[in-house]
Each structure stands twice: as structure tokens, then as C-alpha cells.
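K.L.:
Sharing a structure, written as C-alpha cells. Questions coming.
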Amino acid sequence: MNDVTSPAETVRAPRLALSVQRATRARGAPLKAEVARAVRATLERDAEITVRFVDEEEGLALNHAYRHQDHATNVLSFVYETGPVVRGDLVLCVPVIEREASVQGKTLLAHYMHLVVHGVLHLHGYDHENDIDAAHMEARETRIVTGLGFADPYTEPEQD
């Protein structure tokens, strides 16, 4: 039995061009290397992604302009191309994420990492518009997030 991998069997990891922008103070937000780790764990093909951390005002303006919602949301995904190269932007609204992590009893880093994974899956074309798609997307998110060493983002933390 031969343990040598042939060149045809070698699978290349997707390439990533990543830009991280910080338009607001975000204590506890992941460093670029941590963002890259979450993005890379989620990638299914080569990608060019910008991740932007914003305040509530910018989050509200973007959510209103593009989703016609009158509130800021935790993550917005702007998909420009899904293949052969994924191209898009993720906008993470810092105050919303901080509130959610506190209310949900999650660490801030765990919540950020989950939302990065969630957003990157949207950039790949995943959605949660119906129960079947939502279950598929959530299962994929759970595998990735737990693979990164964080708890399942869809389970409630135990209460004392």
C-alpha cells in the first residue's frame, strides 16, 4: 500500500483576498487573523471579501438602504459574485453584536466568529428563507463554528 499522495489527489485550499475595515471602536472584536481563520474555514472556493466593523448609525443606514428595515442588524452580506470566485462584503454592526452576545450569554468572540461564518455562507449563496434551507445552513454553520473551537451557536447556554 502506498501512502504517497499523487498530485491529482492534492486538493488546493481556496485562495482568499481579505480586507478588514474598522469604522468604529470594537473592543473584543476579532483580530484580522481571527477573521481570516473563520472565513477560511467557511470557504468553498476562492474569494475576495471585505469585512467591515461599523457603528449603529452606519448599520442602520445600510440596512435601511438595502433591506428597507428601520433598525441595524448584526451582519449584512453584500454578494457581488458567487462563482467561480466569491466576491462580496460583510458588514458587522458592533453595538448590535455586543448586545446580542450579552443577552444570549455568549462570549463576544464566539458571537463574532459565528456571524462571520454566517455572512460568508450567504456570500456563497446559502440562505435561510425556508425551513429546509435554514436547517441546511444552520447545520453547516454549526459544523464550522464548533470546528473552530466554539460552542454550537444554535444551542441555548445553560443557566445557573
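K.L.:
Looking only at the stretch 30-69, which residues are without any contact (Cβ under 8 Å) to a residue 40 or more places away in the chain, assigned to a loop (DSSP other than H, G, I, E, B) and under 19 Å from E98 (Cα atoms)?
P.N.:
L31 - this is the single residue of the stretch 30-69 that is without any contact (Cβ under 8 Å) to a residue 40 or more places away in the chain, assigned to a loop (DSSP other than H, G, I, E, B) and under 19 Å from E98 (Cα atoms).
K.L.:
So if I check each of V85, V35, V96, V20, which one is hydrophobic (A, V, I, L, M, F, W, C) and farther than 18 Å from H118 by Cβ?
P.N.:
When all the criteria are applied, what remains is V85.
K.L.:
Report yes if A135 is part of a helix (DSSP H, G or I) and surrounded by fewer than 19 Cβ atoms within 10 Å (Cβ to Cβ), otherwise no. Walk me through it before giving the result.
P.N.:
Values: part of a helix (DSSP H, G or I): yes; surrounded by fewer than 19 Cβ atoms within 10 Å (Cβ to Cβ): yes.
Spelling it out, A135 is indeed part of a helix (DSSP H, G or I) and surrounded by fewer than 19 Cβ atoms within 10 Å (Cβ to Cβ).
K.L.:
Consider M113 against the criteria (1) out of contact with any Lys or Arg (no Cβ under 6 Å at 6 or more places or on another chain); (2) surrounded by fewer than 17 Cβ atoms within 10 Å (Cβ to Cβ): it satisfies all of them except one. Which criterion is unmet?
P.N.:
For M113, the failing item is (2).
K.L.:
Taking V145 as the residue in question, decide whether it is touching a residue at least 24 places away in the same chain (Cβ under 8 Å), within 19 Å of R40 (Cα to Cα) and β-branched (V, I, T). Reasoning before the result, please.
P.N.:
Values: touching a residue at least 24 places away in the same chain (Cβ under 8 Å): yes; within 19 Å of R40 (Cα to Cα): yes; β-branched (V, I, T): yes.
Yes, satisfied.
Read-outs: derived from the displayed coordinates by stated rules, not from any lab. Computed from a predicted structure; not experimentally measured. Neighbour counts are summed over all protein chains in view; Cβ atoms, including those assigned to glycine, are modelled from backbone coordinates with ideal geometry.
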